[in-house]
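Peer 1: First the structure, which I've put down as structure tokens, then a few questions once you've had a look.
The values are calculated or read from the model by the stated rules, or taken from the named source; none is laboratory data. All figures in this text were calculated on a predicted structure; none of them were measured in a lab. Here Cβ is always computed from backbone atoms with ideal geometry, including for glycine, and neighbour counts include all displayed protein chains.
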Amino acid sequence: MSESLTLPAGPVGGWPELQPGWVWLCGAGPGDPGLLTLHAVNGLRQADVVIYDALVQEDVLSWAPQAEHIYAGKRGGKPSAKQRDISLRLVELAQEGKRVLRLKGGDPFVFGRGGEEAQTLIQHGVPVRIIPGISAGIGGLAYAGIPVTHRDVNQSVTFVTGHDQSGNTPGSLNWKAIAEGAQVLVIYMGMKHVAQIAGALLDAGRPADEPVAVVSQATTPDQKVLETTLGRMVEDIAGSGMEPPAILCIGRSVLMRQVLDWQGLAAGEAPRNLDPLGRGRPAEVS
Ligand code: SAH
């Protein structure tokens, strides 16, 4: 039984129907089911099949009790043969006339290979809809109390992947240019090669005392946050026992957590510092 979402107001023309033979390529957000979009929930209620990734929290699947749930776990850095199987499986299911919801962690088009899957589907004549999601590098940091942009800190953000297709630190990246040009760096899949990444940034002149945050399992009940510096991060991560999935944020926006750690505040902690950037005047005064 599929059921479209009943909500008071939808997009112009009403809530879209997930039709047989279609694939909706959908972001699930970083973990907390409350961060699903309404389009995602609408798709989950109608799907015959949900094909989901390792990063999708099982809780999210309970929004699609009527659907078959197929796990297509794939760990970062593995060769792309398996990716091809997943894409072709999507084609097959659509061609069988199923209503297919392809659910990916975060946003499907942010380091999620959503572009490749959508391209394969379209090359095979399968109609697709793309449903963006909240990416871990933005929403995950927000749950840690770190604003990815903050007017007193940065006018740009650089999103980087710590893996390339072969599983190595991306050789094609110009780390020197990144070190010189990126005001705040947000690194996905950075845990495996953290030593190389930190080394490359330090060699290129980023200061060893630059603030760094590591947020693992962001937005889930197991979320952990480590505050450290570029010079100490390798050691501190090893000592913390933190594991992927984790986002690394390098830059002064990390300092804002001293005042914006809203989860800590909700748990009764006091703000550590009401003016962590040392502006000396209230936030609303420019
Ligand atoms: N499409 C996803 C990213 C997929 S790449 C998105 O937009 O968020 C996988 C990487 O995303 C992980 O290695 C980690 O760096 C990051 N990630 C995904 N979910 C996360 C979470 N809940 N907490 C911390 N990092 C996460």
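Peer 1: Out of segment 260-285, which residues are closer than 16 Å to Thr149 by Cβ and modelled with pLDDT of 95 or more?
Peer 2: Listed by number, the residues that qualify are Leu260, Pro276, Leu277.
Peer 1: Residues in segment 252-282 that are part of a helix (DSSP H, G or I) and either farther than 19 Å from Gln223 by Cβ or of a type in the set (Asp, Glu) (or both): how many?
Peer 2: Restricting attention to segment 252-282, the residues satisfying the condition of being part of a helix (DSSP H, G or I) are 252-260, 262-266.
So of that shortlist, the ones also either farther than 19 Å from Gln223 by Cβ or of a type in the set (Asp, Glu) (or both) come out as 252, 255.
Count: 2.
Peer 1: Scan Ala267, Ala208 and give me the residue that is more than 20 Å from Ile134 (Cα to Cα), out of contact with any strand residue (DSSP E or B) (no Cβ under 9 Å at 6 or more places or on another chain), of a type outside the set (Val, Ile, Thr) and loosely packed, with under 13 Cβ neighbours inside 10 Å. Working first, answer last.
Peer 2: Working: Ala208 fails: out of contact with any strand residue (DSSP E or B) (no Cβ under 9 Å at 6 or more places or on another chain).
So the residue among Ala267, Ala208 that is more than 20 Å from Ile134 (Cα to Cα), out of contact with any strand residue (DSSP E or B) (no Cβ under 9 Å at 6 or more places or on another chain), of a type outside the set (Val, Ile, Thr) and loosely packed, with under 13 Cβ neighbours inside 10 Å is Ala267.
Peer 1: Quick one: Trp175 ticks every box in (1) at pLDDT 95 or above; (2) away from the ligand (no atom under 16 Å from the Cβ) bar one, so which box is it?
Peer 2: Unmet condition: (1).
Peer 1: Of all residues in segment 34-70 being β-branched (Val, Ile, Thr) and closer than 15 Å to Arg99 by Cβ, which is surrounded by the fewest Cβ atoms within 10 Å (Cβ to Cβ)? Explain how you work it out, then say what you get.
Peer 2: Filtering segment 34-70 for residues β-branched (Val, Ile, Thr) gives 37, 41, 49-51, 56, 60, 70.
Checking the rest, the ones that are also closer than 15 Å to Arg99 by Cβ come to 41, 49-51, 70.
On the way: Val41: 19, Val49: 20, Val50: 26, Ile51: 24, Ile70: 15.
The extreme case among them is Ile70.
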